[in-house]
Structure formats: C-alpha cells, structure tokens
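So the structure is just underneath, and the comments pick up after that.
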Amino acid sequence: MVASRLTVAQTNTLDREAFVAALGPLFEGSPWIAAEAWPARPFSDLDQLHAALCRVMYEAPPERQVALIRAHPDLVGKAALAGTLTPESTREQAAAGLDRLTPEEIATFSRYNQAYKEKFGFPFVICARENKKDSILAGFERRLGNTREQEISTALGEIAKISYLRLRDAVSAE
C-alpha cells in the first residue's frame, strides 16, 4: 500500500516505473501485472483500472498464473509466524483473526496448508479480509475436493478480490 492514496486521474499520469511502484503490490510478488496493464491507460475509474489489471492476470499463460498463486504466503504459515509477510498480507491475515490463534489452531492450519500444497503444488489462496478463521478452514475442506484446474481458477478469483481491496486502499475513486 502506498503512503498516501493516489486518485485514478493521478495513476493515469504516472510513468511506467511509478505506476508499477504504486500498483505492483496489489498482486503479491507480481509487479509484472501492473507493468503490463500500464499501456491500457487512461482509466476512467477504479473498476476500469481493476479490470485492466485482472485482464493481464487472466490472460497470462498458465505457468505465469501458477507463479502468481505461488507468490502468496501460506495462511498462518512460516512467514506469518516469523513476522516476515508483506505489510499487506500481515494486515489481511490479522483482519481474519489469524494472528490470534491457539497452538492447536495453528497446527490445524499447518496440516491443511501441507495437504493443499501436496495436492495442488501451490498455496491455498483466499481473500482473508472477506473471511474469518472458521470460513477459511471450511474453504480448505471444501476446496481440497477440487481438481487442480478448478483450484487455479478459484485462486485467481480470490486474487482478484484481494487486489481489488488493496487497490481501494491505494487509490481513491475521487
């Protein structure tokens, strides 16, 4: 998240480097999305800006989409427990209450993270700001029954939600 919020009009005037610096963090560890959306300027509003960013994500080759999913940290994983998440991920996991778990709950998340990664080859991604601990655990259970292709699609949908909330934090609609 940027220190002060930009307006959509201001994002339209940014050079490529500044645009990527401002909007690159919207997609975890994947500033290439902002870089590839930059030529689509000008954007009339937040929704059009977000749609352009998501179009880059959805139109990326499958291996790049999987790399984007893999850039996301495990929920209540080693990075979270060590305090080394990005500021955005730290706030999002805290919003879901994942920073206040018992040792037993942490162990449950660890088991689900491991089972999910073993099955799909990437971490479980869910918009933590739209969920709490119980709904996230239910999501693990439900989604472990999916195919890899279903999970790639589901994860990208969750990333779209995450990026929209991050965009609203970084850019004002005014």
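The values are calculated or read from the model by the stated rules, or taken from the named source; none is laboratory data. Remember, predicted model here, so these are calculated numbers, not experimental data. Using ideal geometry, Cβ is built from the backbone for each residue, glycine included, and neighbour counts are taken over all protein chains shown.
Does the stretch 143-150 include one or more residues that are surrounded by 18 or more Cβ atoms within 10 Å (Cβ to Cβ), out of contact with any helix residue (DSSP H, G or I) (no Cβ under 6 Å at 6 or more places or on another chain) and at pLDDT 95 or above?
In the first step, residues of the stretch 143-150 are kept if they are surrounded by 18 or more Cβ atoms within 10 Å (Cβ to Cβ); the result is 143.
Going one step further and asking which of them are out of contact with any helix residue (DSSP H, G or I) (no Cβ under 6 Å at 6 or more places or on another chain), we end up with 143.
The next check asks that each one be at pLDDT 95 or above; those that pass are 143.
Yes, there is a match, as at least one residue in the stretch 143-150 is surrounded by 18 or more Cβ atoms within 10 Å (Cβ to Cβ), out of contact with any helix residue (DSSP H, G or I) (no Cβ under 6 Å at 6 or more places or on another chain) and at pLDDT 95 or above.
Let's see how each residue does on (1) in contact with a Leu (Cβ under 6 Å, 6 or more places away or on another chain); (2) closer than 13 Å to Ser172 by Cα:
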{"residue": "Ala9", "(1), (2)": "no, yes"}
{"residue": "Thr13", "(1), (2)": "no, no"}
{"residue": "Arg16", "(1), (2)": "no, no"}
{"residue": "Leu23", "(1), (2)": "no, yes"}
{"residue": "Leu26", "(1), (2)": "yes, no"}
{"residue": "Pro31", "(1), (2)": "no, no"}
{"residue": "Pro42", "(1), (2)": "no, no"}
{"residue": "Leu46", "(1), (2)": "no, yes"}
{"residue": "His50", "(1), (2)": "yes, yes"}
Lone unmet requirement of (1) under 16 Å from Asn113 (Cα atoms); (2) under 9 Å from the mean Cα position of the chain (by Cα); (3) among the charged types (D, E, K, R) for Lys161: (1)
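Would you confirm whether any residue within the stretch 50-69 is modelled with pLDDT under 95 and either in a loop (DSSP other than H, G, I, E, B) or under 13 Å from the mean Cα position of the chain (by Cα) (or both)?
Checked against the condition, which is being modelled with pLDDT under 95 and either in a loop (DSSP other than H, G, I, E, B) or under 13 Å from the mean Cα position of the chain (by Cα) (or both), the stretch 50-69 yields no hits at all.
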Flagged in the stretch 1-21 as hydrophobic (A, V, I, L, M, F, W, C) and modelled with pLDDT under 95, in numbering order, are Met1, Val2, Ala3
Gly24 is checked against (1) touching a Pro at 6+ places or on another chain (Cβ under 8 Å); (2) part of a loop (DSSP other than H, G, I, E, B); (3) modelled with pLDDT of 95 or more and fails just one. What number does that condition carry? (2)
Report the residue count in the stretch 70-85 for those that are surrounded by 13 or more Cβ atoms within 10 Å (Cβ to Cβ), in a helix (DSSP H, G or I), charged (D, E, K, R) and modelled with pLDDT under 95. 0
Given the structure, is Glu36 surrounded by fewer than 16 Cβ atoms within 10 Å (Cβ to Cβ) and among the charged types (D, E, K, R)? no
Restricting to the stretch 95-120, name every residue that is under 18 Å from Gly145 (Cα atoms) and either among the acidic types (Asp, Glu) or not in a helix (DSSP H, G or I) (or both). Glu118
